[in-house]
Structures are given as C-alpha cells and as structure tokens.
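*Asks:* What follows is a single structure, and I will ask about it in a moment.
Taken together, the values in this text are just the output of simple stated rules run on the coordinates, not laboratory data. It should be emphasised that the depicted structure is a prediction, and the values quoted were computed from it without experimental measurement. As a convention, Cβ positions derive from the backbone with ideal geometry for all residues, glycine included, and neighbour counts pool all protein chains shown.
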Amino acid sequence: MKLAEALQERADLNRRLEQLRHRLCNNAIVQEGEKPAEDPHKLLAEQEECLGRLECLMAQINQTNSRTTAEGKTLTEWIARRDALKLRITALREMTDAASRIAQRATRSEIKIFSTVEVPALQSQLDAACAELRRVDNLIQQMNWLTEL
C-alpha cells in the first residue's frame with residue numbers, strides 16, 4: 001500500500017468515526033417502551049474496530065514519514081515545514097489585509113489613519129510563502145504516491 005492510500009484510508013476512518021459518534025449519541029437514550037433505531041452495542045463494537053485500525057494506520061504512517069527522506073529532510077520535517085508555512089501565510093495575509101485598508105476622511109479635522117508597514121513588501125513576502133507552500137505540498141504529495149507504507 002502506498003503512503004497516499006494509507007492517508008486516504010485514515011481520512012475515511014476519521015469520517016466514519018465521526019458518523020459513529022453521532023449515531024451512538026442518537027441511540028444512547030430512548031423513551032420507556034421504545035427501542036433505539038440502531039443497537040448501540042453493535043455501534044460501539046464497530047467504533048472499537050475502527051479505532052484499532054486507525055491506531056495501527058497512524059503508527060505506520062508516522063513511522064514511514066520519519067524514515068522517508070526527500071531533499072535531505074524526512075517527510076515529518078516537510079510536514080512541519082508545510083504547517084509552519086500555512087501559519088506564516090495566514091499571519092501575513094491578515095496583516096496585509098489590515099494594512100491595505102484605507103480610512104476615508106470626510107473633513108481635514110478627522111484623525112488620519114495610515115499603515116505602519118509597507119504593503120508591497122508584505123505582499124511580496126506573502127507571495128513567496130505561497131509559492132514555497134505549493135512547492136513543499138507538491139513534494140509531500142509526490143513522496144506520498146511514491147512511498148510504500
């Protein structure tokens with residue numbers, strides 16, 4: 001199985017577990033004399049089976065990520081880089097948006113608002129970070145499809 005396939009299965013298991021949680025809550029209590037729409041014991045058994053598979057899969061994915069390298073870094077390091085880039089992009093985008101807002105003044109006596117940073121420089125940093133994120137994400141995706149679990 002390729003790493004990418006394992007990641008897809010992990011996502012499917014997470015969605016299935018979320019659905020099972022809702023189904024369990026919906027069938028946890030009933031009115032006296034009524035029966036639940038689904039057997040909560042069967043749902044709990046299915047949940048345990050999914051959790052066991054998810055735990056195993058997560059361990060295998062993490063082990064594979066820590067031993068697979070690309071461009072001198074492990075996949076774990078590339079994933080950390082991608083996550084940090086996403087945070088940087090969010091912060092730069094929010095600051096650029098805030099600094100780009102120009103307050104309109106109706107009269108000369110109103111308080112003048114101005115940016116404390118150079119918006120074009122921030123936008124250049126944002127563009128560079130977005131380009132780096134695309135490169136890193138493409139590298140991770142490529143490695144996911146080339147690497148056996």
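*Asks:* Assuming R0 = 35 Å, can you tell me the calculated FRET efficiency for the pair GLN19 and ILE102, based on Cβ-Cβ distance, to the nearest 0.05?
*Replies:* Here the calculated transfer efficiency is 0.15.
*Asks:* Charges on Cβ only, +1 for Lys and Arg, -1 for Asp and Glu, centred on the Cα centroid of the stretch 1-49; of PRO40, GLN19, LEU3, which one is farthest towards the dipole's positive end?
*Replies:* Result: LEU3.
*Asks:* Separate question: What label, among (i) -0.24, -0.81, -1.05; (ii) -0.27, -0.88, -1.10; (iii) -0.56, -0.93, -1.04, belongs to log10 I(q)/I(0) by the Debye sum over Cα atoms at q = 0.09, 0.16, 0.18 Å⁻¹ computed from the structure on display?
*Replies:* It is the one labelled (iii).
*Asks:* What angle do you read, to the nearest 10 degrees and between 0 and 90, between the alpha-carbon axis of helix 75-100 and the longest principal axis of the chain?
*Replies:* 40 degrees
*Asks:* Where does each of ILE61, ILE79, ILE111 land when they are ranked from fewest to most other beta-carbon atoms within 10 angstrom?
*Replies:* By the 10 Å Cβ count, ascending, the order reads ILE111, ILE79, ILE61.
*Asks:* To continue, here is another question. Compute the long axis of helix 3-26 from its Cα atoms, compare it with the longest principal axis of the Cα atoms of the chain, and write down the angle in degrees, 0 to 90, nearest 10.
*Replies:* 70 degrees
*Asks:* Could you list which residues have their amide H under 5 Å from that of THR147, counting only those 5 or more apart in sequence or on another chain, with H placed in the peptide plane?
*Replies:* LEU3, ALA4
*Asks:* Continuing with the same structure: What does the charge add up to near LYS86, with Lys and Arg as +1, Asp and Glu as -1, over the other residues with Cβ less than 12 Å from its Cβ?
*Replies:* +2
*Asks:* I would also like to ask the following. If I stretch the segment between ARG53 and VAL119 completely, what's the gain in nm (0.36 nm per residue apart, minus their alpha carbon distance), one decimal?
*Replies:* Fully extending the segment from ARG53 to VAL119 adds 18.9 nm.
*Asks:* Count charges around VAL136 for me, please; just the other residues with Cβ under 9 Å from its Cβ, Lys/Arg as +1, Asp/Glu as -1.
*Replies:* With Lys, Arg at +1 and Asp, Glu at -1, the neighbours total +2.
*Asks:* Using only the Cα atoms of the stretch 69-149, what are the Rg and Dmax in Å?
*Replies:* 19.1, 68
*Asks:* Kindly provide the trypsin sites (Lys or Arg not before Pro) of the stretch 81-149 that DSSP labels as loop, not H, G, I, E or B, and whose Cβ sees at most 14 other Cβ atoms within 10 Å.
*Replies:* Passing both the DSSP loop test and the Cβ count: ARG101, ARG105, ARG108, LYS112.
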